[in-house]
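Report on one structure; see the data block that follows.
FYI, it's all coordinate maths here, none of it is from the lab. Predicted model only: the values in this text are computed from it and were never measured. Cβ sites come from the backbone with ideal geometry, for glycine too, and all protein chains shown count toward neighbours.
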């Protein structure tokens, strides 16, 4: 699962908007506490941030491209070895 830190900020802000008008002075503190509580709770789960996910996705895509290139090279070499005139030693 991917954690979007912006979504946590938005959720904390929406929760603080639910604070009754008489407690608006404590709103900023409540929003900060809710945000910290949400991050701590989610931190205990097996989650990654969007940034971490995007970095790993890019690494995986580069690895896949290299693998595809190597597979094509092996197919070409195998075809050369399989052909009767493929070897230059004959």
Legend entry - Search result, residues across region 18-52 that are within 30 Å of the chain's Cα centre (by Cα) and assigned to a loop (DSSP other than H, G, I, E, B): 44, 45, 46, 47
Inset, instruction - Among the residues of region 26-56, write down those that are farther than 16 Å from residue 5 by Cβ and surrounded by 10 or more Cβ atoms within 10 Å (Cβ to Cβ). - result: 26, 27, 28, 29, 30, 33, 56
